[in-house]
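Values in this text are rule-based calculations from the coordinates and carry no lab data. Just so it is clear, the structure is predicted and the values come from calculations on it, not from any experiment. Cβ: placed from backbone, ideal geometry, glycine included. Neighbour counts: every protein chain shown.
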Amino acid sequence: MAYDYDLFTIGAGSGGVRASRLASQFGARVAVAEEYRVGGTCVIRGCVPKKLFVYASHFQDEFEDAGPYGWSVEDPSFSWPTLLENKDKVIDRLNTIYIRNLKAAGVELIEDRAILKDQHTIHLVNEGRDVTADKILIATGAWPFIPADFEGSEHVITSNEAFHLETLPERILVCGGGYIAVEFAGIFNGLGVETHLLYRGEEILRGFDDDLRAGLHAEMEKKGIEITTGTIVNTIEKEEGPNGSAVYRVTLTSGRVLEVDCVMFATGRIPNSHELGLEAAHVDTDLIGAIKVDEYSKTNVDNIYAVGDVTNRVNLTPVAIREGAAFAQTVFNDTPTIVDYANIPTAVFSQPELGTVGLTEAEAKEQIGEIDIYKTTFGSLKHSVTGRDEKIIMKLIVAADSQKVVGVHMMGPATGEMIQLAGIAVKMGATKAQFDETVAVHPTAAEELVTLKEKWVPPELQAAE
């Protein structure tokens, strides 16, 4: 036993915890170091608290929609401190569960910052001691990125701080056009905050299907969110507002000036690889700090591995978990396992939410060539009573030759739930005929996925016909 541990994991997020537990169950002596709280970004400052905030922000619409259904809701009010308190209770409970599960699996949890001293040596900063390990796994995730190339960048917050704001701002500017930006714009707007969304590109949600991008943009604006594209922040000036509160004058590159109470940047995340001692261990990274790994998550150093967002492959919690499991199977269970990154279903908890799996229309045209498109846009049965103008989008992308469904894209209530099951069908290579042969569940929005019969024809071709 030349080393203190068979495996030492740095980072107790989703990927690190899964890898550590499985490795221990396979008989390895495992320790995991975490300097903050067990659970990682998703549990502590990401997916879970964000989803709770999304739930909270839905109630404003639900109260408004209750009247036409015969319910009387008199003067509802919202308490931001109550939401924060109950959110924290959930996070505390999950943190406790993660710790309990690690210990039950026989993993030693070390609550300390760990950095590499060499290929097999880890230094525990607060304890001031060194430990050694045969194998080392880095699973430190990613961190919000704030561009520092403009005056006043020190005044902005990220999603990390948004979960702990002492007071709910009356006006907010959210900068960014990805998952986190559109989700938090929906959250703040739903909680009654005057919300502005700023994105440098032509349209929000780069990389998603264009119909969903345009559709969500339109629906967000209907809800009162002001979306400005093609411009970025030039300067931010902090001023004193009423009662001594801070007010921020934001000048955009377009010349426009916005006055808000909070500026939140959701402009991407970068691998959390700084000050880990990677240089001392001679671990290679790319230009943004992502740890370079092979298909088995091994770095250029034979005994050091990395999983999750710190590798910047597919930055989703379930992917990190899958990578952690594959690592443990490969290294400690003599079962070489490669993660399949094709056809990963995902959801955006925007308002309305999105569900998507497979190729976008643009990707399908580029990779496959001839494709068939089936899509529909309609209002929900629920709002036939309320009169709320909110659209649902259902879209199938089919390879013309094989008739396999290669993409499913949805916008509307519960599409995050729907896409999990649609993802199974796409992963299995289901054909359009098999979708058609599936009996519809009525009345649901999801039944449109199995009742779409007419191929979509672009307007310019319709005119030609």
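Structure notes:
- Three-way shape call for the range 262-329 based on the alpha-carbon gyration tensor, with the a/c threshold at 1.5: oblate
- Rounded to the nearest 20 debye, dipole of the chain from Cβ charges on Lys, Arg, Asp, Glu: 980
- Separation of alpha-carbon centers, the range 144-164 and the range 230-264, rounded to whole Å: 13
- Label point 7 Å beyond Cα of E370 along Cβ direction - residues of the range 389-414 with amide nitrogen under 13 Å: 399-403
- Cβ-defined net charge surrounding V247, 12 Å radius [Lys, Arg +1; Asp, Glu -1]: -3
- Think of it as helices only: each DSSP H run of n ≥ 4 in the chain is worth -39500 (n - 2.57), and spread over all residues that comes to -9500 deg cm²/dmol at 222 nm.
- Prolate/oblate/rounded label for the range 411-453 (Cα gyration tensor, a/c 1.5): oblate
- Cα centroid of the range 381-424 to Cα centroid of the range 360-377, whole Å: 15
- Think of it this way: in the chain, C175, C262 stand alone, with no other Cys Cβ under 4.7 Å.
- Length-normalised contact order of the range 346-460 in % [C-alpha pairs under 8 Å, at least 6 apart]: 30
- Estimated FRET transfer efficiency when R0 is 30 angstrom, pair T451-N160 (beta carbons, to 0.05): 0.10
- Kyte-Doolittle mean at least 0.0 and Cα axial length at least 15 Å: DSSP H helices in the chain: 179-190, 317-332, 415-428
- Dividing the mean sequence gap of close Cα pairs (under 8 Å, 6+ apart) by how many residues the chain holds gives a relative contact order of 15 percent.
- Close amide-amide hydrogen proximity is noted between T235 and T251, each under 5 Å apart and 5 or more residues distant or on a separate chain (H modeled in the peptide plane; Pro and chain starts excluded).
- R0 of 35 Å, Cβ-Cβ distance K222-Q420: FRET efficiency to nearest 0.05: 0.80
- Stokes-Einstein diffusion of the range 153-267 at 10 °C, 1.306 mPa s viscosity, Kirkwood radius from Cα pairs, rounded to a whole number: 111 µm²/s.
- Mean shadow area of the range 76-186, taken as a quarter of the surface of its Cα convex hull (nm²): 11.5
- Furthest towards positive pole of dipole, Y305, L396, S273, structure part the chain, Cβ charges: Y305
- Of the beta bridges in the range 103-244, as assigned by DSSP with both residues counted there, near 40 percent are antiparallel.
- Only Lys, Arg, Asp and Glu carry charge here, each on its Cβ (+1 for the first two, -1 for the last two); on that basis the range 179-336 has a dipole of about 100 debye about its Cα centre.
- Where only alpha carbons of the range 1-128 are counted, the Rg and the Dmax (Å): 21.0, 73
- Over the range 346-460, the hull volume per residue, using the convex hull of the C-alpha atoms, is 114 Å³.
- Restraint check, K365/K453; K223/K455; K51/K223; K87/K135; K222/K382; K292/K365, Cα-Cα greater than 27 Å: K223/K455; K87/K135; K292/K365
- Rounded to 5, percent antiparallel among DSSP beta bridges of the range 1-145: 35
- Fraction of antiparallel bridges per DSSP, the chain only, in percent to nearest 5: 60
- The three principal axes of the Cα atoms in the chain give end-to-end lengths of 74, 66, 44 Å, sorted in falling order.
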